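Readers should treat all values here as calculations from the given coordinates under stated rules, not as data from a laboratory. Since the structure is predicted, the reported quantities are computational estimates derived from the model, not experimental observations. Neighbour counts run over all protein chains shown; Cβ positions are idealised from the backbone, glycine included.
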Amino acid sequence: MKERDRSGHFYIAGLLLAAVALTVVFLIEQIVMPGYWVKSAVKVTCFAGAVVLYAFLSGRKVRDLIHLHRPKSIRKLVFCILLFFLGIGVLFLIFRNSIDLSSIRQSLVTKEGLTRKNCFFVFAYIILMNSFLEEAFFRGFISGLIPNRKVGFPLSALLFSLYHIGIIGTWFNPFILCLCIVGLAAVGLFLQFLCERYQSVVASYIVHASANVAINTIGALLIFEVLK
């Protein structure tokens, strides 16, 4: 499926662009700590900018770089969607007593600036736009930069996992956080498998978005203090 860039200059330049984008997003998240929409604008600029600039340098189309093609039949994805949605709910119930829900709610309110009035706009953006941005960047762009899939795919999954530390790093105790990091890396690999299996980032995006529906449902329950 993937057209690998075997020119050393090209894929090294791509990796450097990806590294700069991830570093800027991480620093904005951890040091500057602006409101959610400002952080999102920076993230879109960095991730999309890296892809577009690399497309310009390599002479390739953006849609080919991120594998934005019509997917094969996606009927079987229904099972994956249900698996992710229900799986997140089950995991939440299993580890609920080990999670400080009040601390997470406080972080959502103070750090992210979420309120009862704006949270549904934020969650809609996360599900519809942010999920696609992450899939295009990690599953499409980064994983395709390295000719060897045995290196490119795990690297993309690892970066996807570590990137989320900047978001959830203060939410959990060290044990739960380590589980999250390992789990996110495994999810990254599975989403990469879907992207390959259906020959399109659209497939992994649909499943990623369904997972965010489940996560944001929990987030909404926290914002409205249904969960305490």
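What is the local net charge at Lys228, summed over the other residues whose Cβ is closer than 13 Å to its Cβ (Lys, Arg +1; Asp, Glu -1)? With Lys, Arg at +1 and Asp, Glu at -1, the neighbours total 0.
From its DSSP helices (H runs of at least four residues, each -39,500 (n - 2.57)), the chain gives a residue-normalised ellipticity at 222 nm of -21000 deg cm²/dmol. Counting every other Cβ atom within 10 Å of each residue's Cβ, Ile146, Ile165, Ile94 order from fewest to most as Ile94, Ile165, Ile146. For the residue pairs Lys76/Lys111; Lys61/Lys111; Lys111/Lys228, the C-alpha atoms sit more than 30 angstrom apart in Lys76/Lys111; Lys61/Lys111. 3J(HN,Hα) along region 155-160: 5, 4, 5, 5, 5, 4 Hz, from the Karplus curve 6.51 cos²θ - 1.76 cosθ + 1.60 with θ = phi - 60°, whole Hz, x for Gly and Pro.
For the pair Ile168 and Val90, label points projected 7 Å from Cα toward Cβ lie 1.7 nm apart.
Under a point-charge model restricted to the Cβ atoms of Lys and Arg (+1) and Asp and Glu (-1), what is the dipole moment magnitude of the chain relative to its Cα centre, in debye to the nearest 20?
Working: 22 positive and 10 negative charges, 113 e Å.
Here the chain has a charge dipole of around 540 debye.
Relative contact order for region 1-98: 23 percent, from Cα pairs under 8 Å spaced at least 6 residues apart, divided by residue count.
List the trypsin sites (Lys or Arg not before Pro) within region 62-117 that fall in a DSSP loop (any state other than H, G, I, E or B) and whose Cβ has at most 15 other Cβ atoms within 10 Å. Please report the intermediate quantities before stating the final value.
Details: sites: Arg63, Lys72, Arg75, Lys76, Arg96, Arg105, Lys111, Arg116, Lys117; in loops: Lys72, Arg75, Lys76, Arg116, Lys117.
Answer in residue order: Lys72, Arg75, Lys76, Arg116, Lys117.
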